[in-house]
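The values are calculated or read from the model by the stated rules, or taken from the named source; none is laboratory data. Remember, predicted model here, so these are calculated numbers, not experimental data. For neighbour counting, all protein chains shown are included, and Cβ atoms are generated from backbone atoms with ideal geometry for every residue, glycine included. Ligands, DNA and RNA are stripped out before the accessible areas are found, and what is left, the full protein with its side chains, is counted by its heavy atoms. Shrake-Rupley method; radii C 1.70, N 1.55, O 1.52, S 1.80 Å.
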Amino acid sequence: VSTQSTGSSGINAEYGGTSYNPTFNDHQELLQSALEVEVKKEKAKLKATRDAAPPIQITEEDYIKEMSIGLNQAESESEEEKEGEVETDSQAKGTVSCERKTRAQRNREKAEKLKAEEIATAKQEKQHLHQMNRIKAIQKEIKKEEKELSAKTELRQAKNLEKETKPGKYGPGKFLGDDPEFVLPEEVSSSLRQMVTPSNNVQERFTSFQKRNMIEVRKKVAPHRKYKLKSVEKWRKKLPEEIDELVKMKRKKKKIKLSE
C-alpha cells in the first residue's frame, strides 16, 4: 500500500504544563484538558449503552391485531363498490348548467384585470424606489456576506491543512492518539531527581510512527490460545519414590485388565 507521510514532525513540542516545574496556570490547563478527554470517553460509553435497542415486547392484543389483518378485506371491497355505484348514479342525475356571460360582465372583468395590473406595476415601482433609497444598507449587507464568505474559506483552508497533517486510513483501525500525560499537584516537584515520569517512550514512538503514516493503525490484540493448553507429567522430573508408586499403579491396572 502506498502511503504519504504527513507534515507533522517526529518530535512534537509538549505543552508547558508537562514540564518538571510548570507554572500553576499551565498545570491547571493541562488537568482541565485531561478531564475533558475523560468526560468525552464517559459520554461515549453512556451513549453506546443508551442507544442499544431494547427487547421487543409483543402483547396479546398486538398479536391478535396482526393475525386479523386481511380478514375483513372482502367486506370493505364490496362496500367501496356500492359507494362507487351511488356516486355514478348521482352524477348521471345531476345536470350541468353552462350560461353565457353578458357584455357588461365581460367589460367588468376586463376593467378589474387592468386595475389589478396597474396596482402590481405601481407596487413594483414603489419597491424599486425603496431599494434606490436604501443603497447604503444594501452595501452593508454585501460587505457582511463577503466577510461570511471569507470566514468560510478560511475555515475550509484550515480543515484542508488539518487533513494534510492527520494520518491516513490504511486499515480498519482508527487513529485516536495518546491521552494527555499529566501528574497530580502533589506529585509536581522542582527537582529532576524526584520527578515522576508517567510516559512510556516505546508507546510514544509507536503512536508517532502511526501519526506520520509510517505504520498502519492496528488494534491491540490480547494474548490468547486457539486450543486449550495440555499438561504432561515428565517422569524425569519426579522423585524416585514417586516413580516407584507410578510403576506399581500401572502394574495393578494391567492385572485388572488381564483378569477381565
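A few notes on this one:
- Once the range 194-205 is narrowed to residues that are open to solvent by 80 Å² or more (accessible area, probe 1.4 Å) and at pLDDT 75 or above, the residue that is nearest to the chain's Cα centre (by Cα) is GLN203.
- For the range 221-260, the tally of residues that are open to solvent by 100 Å² or more (accessible area, probe 1.4 Å), outside any helix (DSSP H, G or I) and either at pLDDT 75 or above or under 30 Å from GLY173 (Cα atoms) (or both) stands at 11.
- Among the residues of the range 183-193, those that are loosely packed, with under 12 Cβ neighbours inside 10 Å and within 14 Å of HIS27 (Cβ to Cβ) comprise LEU184, PRO185, GLU186, GLU187, SER190.
- Subset of the range 159-173 [open to solvent by 100 Å² or more (accessible area, probe 1.4 Å) and more than 23 Å from GLU14 (Cα to Cα)]: LYS169, PRO172
- Residue match in the range 49-59 (condition: surrounded by 10 or more Cβ atoms within 10 Å (Cβ to Cβ), at pLDDT 80 or above and not hydrophobic (A, V, I, L, M, F, W, C)): no
- Selection status of ILE243, over 30 Å from GLU36 (Cα atoms) and β-branched (Val, Ile, Thr): yes
- Some residue of the range 184-198 being in a loop (DSSP other than H, G, I, E, B), more than 25 Å from GLU38 (Cα to Cα) and charged (D, E, K, R): yes
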